[in-house]
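As structure tokens, the structure follows; a few thoughts come after it.
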Amino acid sequence: MLDVHSFGVLHDLSVFVSIATAMALVSYWLLRHARPEVSWNHEGSVLSRPYGALDLLVLAGIGLLFILSMQPHESGQTGGDTVNDSSLVLGMLFHLTVCAGLLLYLYQARGLNPAELFGLQNLHWRSLAVTLGIFTIIILISVNVVSAVTVTWLQNFWTDLQPQETVQAFQKSDGIGFKFLVIFLAVVIAPLAEETLFRGFVYGVLKRYTDAPFAALSSSLMFAIIHMHVGSLLPLWMLAVLFCLAYEITGCLLVPMILHSIFNSVSIIAMIFGDKT
């Protein structure tokens, strides 16, 4: 859970993003009626036209549930105490349940084939490898630079800002099992579930009713907020925007999934070697 100050910032930002997104949806709806000749949401390789009004309502429901579930720490509780083997297993189950539930909803309730919707049937391995190589370099350099600048800036007035709870727990723990769970969650489960939800569903639905640039910026900010750490907001927002760009270039959700896994793997390696210095 969050400390009181972080909770205030993230909760207010969540409400602001929700209101801004709702206003944007109305604005784009009016623009489409004023200029119906413009192909507002058909650019890029990511499919958005199959999504409909029901998907928009589902997206709104997910956002509302998240805002209502945000809670600050109880008095005297420290962040590292909330992360243990049980919480990690529950986190894995939650991620997998959300991913499976979303895929089931798309396939059964909406009659959409997730493999087609997410571009998994048209894989071109050579171009995919080139895209992965280029974006890996861009992501590792740009996100780490933004992270360093952000932390330095925040420490000027937020002197007690701590790393993410999972990072603290990983660095402090001597248990091999716990560290394996963290690695498995970060490298396998999180990329699979979070990319399916945020790039596959949230970005696609928002693109359907706005356009690609707005959908990338908005869905990426949502992605950053759900990681529940003020110091990581800007780096994760940039990371997610780059994921959206890679997804649009290739039209294949597997690309941001692999990039997500690579980024988390490098971050964990940095934590492990950082502990030994």
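The values are calculated or read from the model by the stated rules, or taken from the named source; none is laboratory data. Just so we're clear, the structure is a prediction, and the values are computed from it rather than from any experiment. Cβ: placed from backbone, ideal geometry, glycine included. Neighbour counts: every protein chain shown.
Before moving on, here are some points about what is shown:
- Residue list for segment 172-186, filter: assigned to a loop (DSSP other than H, G, I, E, B) and not acidic (D, E): S173, G175
- Taken residue by residue, segment 222-239 has no member that is over 24 Å from H5 (Cβ atoms) and small (G, A, S).
- Segment 1-39: number of residues that are modelled with pLDDT under 80 and either loosely packed, with under 13 Cβ neighbours inside 10 Å or of a type outside the set (A, V, I, L, M, F, W, C) (or both): 7
- Qualifying residue in segment 59-75 (condition: within 19 Å of the chain's Cα centre (by Cα), among the small types (G, A, S) and at pLDDT 90 or above): yes
- Among residues of segment 218-235, those that are over 22 Å from F118 (Cα atoms) and either in a helix (DSSP H, G or I) or modelled with pLDDT of 95 or more (or both), counted: 7
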